1. Return the only residue of Leu451, Leu443 being modelled with pLDDT of 85 or more, in contact with a Leu (Cβ under 8 Å, 6 or more places away or on another chain) and closer than 24 Å to Glu320 by Cα.
2. For the stretch 31-54, indicate whether the set of residues that are within 30 Å of Val163 (Cα to Cα), out of contact with any Phe, Trp or Tyr (no Cβ under 7 Å at 6 or more places or on another chain), without any contact (Cβ under 8 Å) to a residue 12 or more places away in the chain and not aliphatic (A, V, I, L, M) is non-empty.
3. So, Val49, is that one closer than 19 Å to Val153 by Cβ and surrounded by 13 or more Cβ atoms within 10 Å (Cβ to Cβ) or not?
4. From the list Val362, Val336, exactly one residue is over 30 Å from Gln143 (Cβ atoms) and either outside the structural domain of Leu454 (by TED's automatic domain parsing) or touching a His at 6+ places or on another chain (Cβ under 8 Å) (or both). Which is it?
5. Which residue, of Gly455, Gly434, is in the same structural domain as Phe289 (by TED's automatic domain parsing), in contact with a Ser or Thr (Cβ under 7 Å, 6 or more places away or on another chain) and not polar (S, T, N, Q)?
6. Suppose the filter is in the same structural domain as Leu458 (by TED's automatic domain parsing), farther than 26 Å from Val349 by Cα and in contact (Cβ under 8 Å) with a residue 40 or more places away in the chain; does Ile379 pass it?
7. With respect to Val381, is the statement that it is in a helix (DSSP H, G or I), modelled with pLDDT under 85 and surrounded by fewer than 19 Cβ atoms within 10 Å (Cβ to Cβ) true?
8. Quickly run through the stretch 133-186 and pick out the residues that are farther than 17 Å from Phe75 by Cβ and either outside the structural domain of Gln204 (by TED's automatic domain parsing) or in a helix (DSSP H, G or I) (or both).
Amino acid sequence: MGQVRHGSATTTHAVRAAIQRSQASLAALSKELGINPKTVAKWRKRATVEDQKTGPKEPRSSVLTEAEEATVVAFRRHTLLPLDDCLYALQPTIPHLTRSSLHRCLQRHDISRLPEVDGDKPKRQRFKRYPIGFFHIDIAEVQTAEGKLYLFVAIDRTSKFAVAQLVETADRRTAWEFLERVLEAVPYKIHTILTDNGIQFAEQPRNRNTITSRPMRFDMICTANDIEHWLGRALGGQGALIAFAGLVALVVPVNALAVRQLRRRERAGLVLAPTPPGTLQAALKKPAFWMIAASFMAVYLNHGILITYVLVLFADRGVEAGLAALAAAAIGPSQVAGRLILLAAGARVSTAQATIAALCSVVVAGALLWLAGAAPVLIFVFSLAQGAGLGLTSILRPVLIAEILGRQGFGAISGAAAVAPILASAAAPSVGAGLLTFGGPELVYAVCLALAGLGLALMLVLLARWRQETG
């Protein structure tokens, strides 16, 4: 195979190898080979005889900024349009973009060639054919050194006419402003616009068609221009049935086990005796009662704040709306999963051990939510830990009360101890709103983590005192 050398090279591979093997001085080798001593010194230091690559170590555009280059890459990957179509769509956003600078940018990121769809490779699924004027509007995230930006993209499914705009925030205002820009840029009639169910384009399902619901500016612009606004379906009817079947599969075993245990107790003749007078008053005088109530009150206040503002907190951690909704929806099933784990453990785990594990899970969840800013995927682990921890505490609380405060007057004592957690759950939305107003999400993370830690600390102290008293 022939040698590939730099155009101005004065040495061959054989000469370079001889230099590296030789023990002679630089001056002697320079005189013998008729080359500059600096050249001899350079090749003696190297471990290879190949020329190094020239040019900058990290190639970057001298025309485009980092944000503009990220916009070009995101647009190309999102639309898969040819070079000239990308150029035509991006020039209104990046006026100094030329065909050559665009081509070099795509080459630097290894996306200068569109993926092949012929031959033995599976073909991409094609959209249903629509008349010209059917636009799909979507939002793509653009990561830069300065932070995260958002690229609005509108593309006609038939003509492939595209419009793009880079913005700092993706909210309702930027969405309808982009729609107005699309209407100005497209030279023909738009009859339909397809978007997802994001809050930028539509109200959340629970807020639609209610007394307080108002038409969105995006829809008003569509109506004024005789445009149909279609919303993409997230799961559809089949997906909803699958989700419902999954919930049934989780809930039915728990209820079946509970019914079996109740029937066994009935056969054994286990009947609670009437509550003697003064039992509740005596329990209220015990520090253990108030420590149980305070511990669970802190945990329920923590959970109430987090569950009320979970989507706001996930958005602050930089999570997309779809992933945030998916992670938030996992909290409920995780409660069932925690209870199933407890049932599977059975008598191998004591009530005290299970309670400590549940409260530790809530503490870990608070820490994971705080750390999710660096790794947004942690929100899914947070949902699992938070849901499992609260699911366990909800069934362990009455058992713990019975073991520590006794079974006599259990109904009255358990009901009294439940007042504090119920009040905490009721106050949680207002407390969370105040924290967000005065300190922002960071204050919410800190307070919720502190509440979880307080609940765990109170429970540890309570169980330590209980063990000392019972021997």
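The values are calculated or read from the model by the stated rules, or taken from the named source; none is laboratory data. Keep in mind that what you see is a predicted model, and the values were worked out from it rather than measured. Glycine gets a Cβ as well: all are built from the backbone with ideal geometry, and neighbour counts include every protein chain shown.
1. Leu443
2. No, that holds for no residue.
3. Answer is no for this residue.
4. Val362
5. None of the other options fit; the residue is Gly455.
6. In short, yes.
7. Spelling it out, it is not the case that Val381 is in a helix (DSSP H, G or I), modelled with pLDDT under 85 and surrounded by fewer than 19 Cβ atoms within 10 Å (Cβ to Cβ).
8. The answer is Arg172, Arg173, Ala175, Trp176, Glu177, Leu179, Glu180, Leu183, Glu184.
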